[in-house]
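Report on the structure given below.
The values are calculated or read from the model by the stated rules, or taken from the named source; none is laboratory data. Predicted model only: the values in this text are computed from it and were never measured. Glycine also receives a Cβ, built like all others from the backbone with ideal geometry; neighbour counts cover every protein chain displayed.
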Amino acid sequence: MNGLSYLLDTNTIIGLLKGNQESIAQLVGVALPSCAYSAVTRMELLSFPHLTESESTLIGQLLMPMTYLAISPVVEDVTIEFRQRHQVKLPDAIIAATAKVHGLQLVTLDKRQTLTD
């Protein structure tokens with residue numbers, strides 16, 4: 001993946017949308033085109049109940065300069081292995097596996113960054 005360095009977790013993107021200072025601080029000096037997001041993140045962001053059209057548009061505008069990463073069979077395999085070793089929710093495991101498979105640093109607000117193994 002040319003020029004990609006980071007995979008943004010759903011909570012980081014929500015933080016950016018809400019103006020959360022911790023989310024913003026994590027990405028100071030980072031150009032959005034060097035960031036990616038997982039298929040899971042897109043599904044989580046756009047499936048909030050009562051999401052308005054303007055909120056959906058804002059999410060789309062934030063995601064536009066970033067790279068979308070689909071769930072491939074390799075990501076599935078790494079997710080399975082990861083969940084066999086760690087007790088973590090499936091969406092979090094898929095996002096972490098996506099970062100690992102693509103060699104990206106996971107940017108998350110979770111205090112327990114799960115993909116070091």
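Of the residues 74, 40, which single one is in contact with a helix residue (DSSP H, G or I) (Cβ under 6 Å, 6 or more places away or on another chain) and buried (at least 16 other Cβ atoms within 10 Å of the Cβ)?
40
Which pairs do you get when a residue that is closer than 15 Å to residue 73 by Cβ and touching a residue at least 60 places away in the same chain (Cβ under 8 Å), found in the stretch 87-102, comes within reach of a residue that is in a helix (DSSP H, G or I) and β-branched (Val, Ile, Thr), reach meaning Cβ atoms under 7 angstrom, with the pair 6+ apart or on two chains?
Hits for this filter: 98/75.
Determine if the stretch 44-52 includes at least one residue that is at positive phi and either under 13 Å from the mean Cα position of the chain (by Cα) or not hydrophobic (A, V, I, L, M, F, W, C) (or both).
Within the stretch 44-52, one or more residues are at positive phi and either under 13 Å from the mean Cα position of the chain (by Cα) or not hydrophobic (A, V, I, L, M, F, W, C) (or both).
Let's see how each residue does on (1) part of a helix (DSSP H, G or I); (2) farther than 16 Å from residue 61 by Cα:
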{"site": "4", "(1), (2)": "no, yes"}
{"site": "11", "(1), (2)": "yes, yes"}
{"site": "14", "(1), (2)": "yes, no"}
{"site": "24", "(1), (2)": "yes, yes"}
{"site": "30", "(1), (2)": "no, yes"}
{"site": "37", "(1), (2)": "no, no"}
{"site": "42", "(1), (2)": "yes, no"}
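Evaluate the following for residue 103: is it on the phi > 0 side of the Ramachandran plot and either at pLDDT 95 or above or surrounded by 15 or more Cβ atoms within 10 Å (Cβ to Cβ) (or both)?
Taking the combined requirement at face value, the residue satisfies it.
Output yes when any residue across the stretch 58-75 is small (Gly, Ala, Ser) and in contact with a Leu (Cβ under 9 Å, 6 or more places away or on another chain), and no when none is.
yes
Give me the residue from the stretch 8-26 that is over 16 Å from residue 64 (Cβ atoms), out of contact with any Ser or Thr (no Cβ under 6 Å at 6 or more places or on another chain) and of a type outside the set (S, T, N, Q) and, out of that set, surrounded by the most Cβ atoms within 10 Å (Cβ to Cβ).
14
How many residues are free of Cβ contacts under 8 Å to residues at least 40 places away in the same chain and farther than 12 Å from residue 102 by Cβ if we restrict to the stretch 55-70?
Matching residues across the stretch 55-70 total 7.
Restricting the search to the stretch 67-83, which residues are farther than 9 Å from residue 94 by Cα, outside any helix (DSSP H, G or I) and among the hydrophobic types (A, V, I, L, M, F, W, C)?
69, 70
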